[in-house]
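The values are calculated or read from the model by the stated rules, or taken from the named source; none is laboratory data. Note that the coordinates shown come from a computational prediction; the quantities given were computed from them, not determined experimentally. Heads up, the Cβs are rebuilt from the backbone with ideal geometry, glycines too, and the neighbour counts pull from every protein chain shown.
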Amino acid sequence: MLNRLIIYNAIFHCITFASYFIKNDKDMFKQPTTQQAVISIQMTPEQFERIEKMLDLITEYTKPKEEKLLTIKQVAELLGVTEPTLWRWNKEGVLKRVKVGNKVRYKESDVNKVLEEMA
């Protein structure tokens, strides 16, 4: 929802900025002064729905992907190895750990890659 508000705000500012230059095209490089602008955009419900879908797609593609992180014990259990083996694999680059504050975690995607290689 926040991304959508940011995009709406950006679109509004682009339209406002463009309308300012259209009205004052004699000096294109002049910075706009502080002023209020009222913009009326007329569109059909279908056009509005299409814009909403486009904004949904933009929001989806710009949303940061959250990687699931696993603890040492979870990873050792999943892979059937000991914790010292995980420490050694980190040193060898087989399975790199991620530090979250003072805690050690492993990316689930990295663990899955190791599982596939072990199969």
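Annotations for the structure displayed:
- Odd one out for Glu77, checked against (1) in contact with a Phe, Trp or Tyr (Cβ under 7 Å, 6 or more places away or on another chain); (2) modelled with pLDDT of 75 or more: (1)
- Within segment 85-105, being over 27 Å from the mean Cα position of the chain (by Cα) and under 18 Å from Met118 (Cα atoms) holds for Thr85, Leu86, Trp87, Arg88, Trp89, Asn90, Glu92, Gly93, Val94.
- For segment 23-72, filtering for residues that are in a loop (DSSP other than H, G, I, E, B), modelled with pLDDT under 75 and surrounded by 10 or more Cβ atoms within 10 Å (Cβ to Cβ) leaves 6.
- The lone criterion from (1) closer than 26 Å to Glu116 by Cα; (2) under 23 Å from the mean Cα position of the chain (by Cα) left unmet by Val81 is number (2).
- Test: residue in segment 81-88 that is in contact (Cβ under 8 Å) with a residue 24 or more places away in the chain and either basic (Lys, Arg) or surrounded by 16 or more Cβ atoms within 10 Å (Cβ to Cβ) (or both): no
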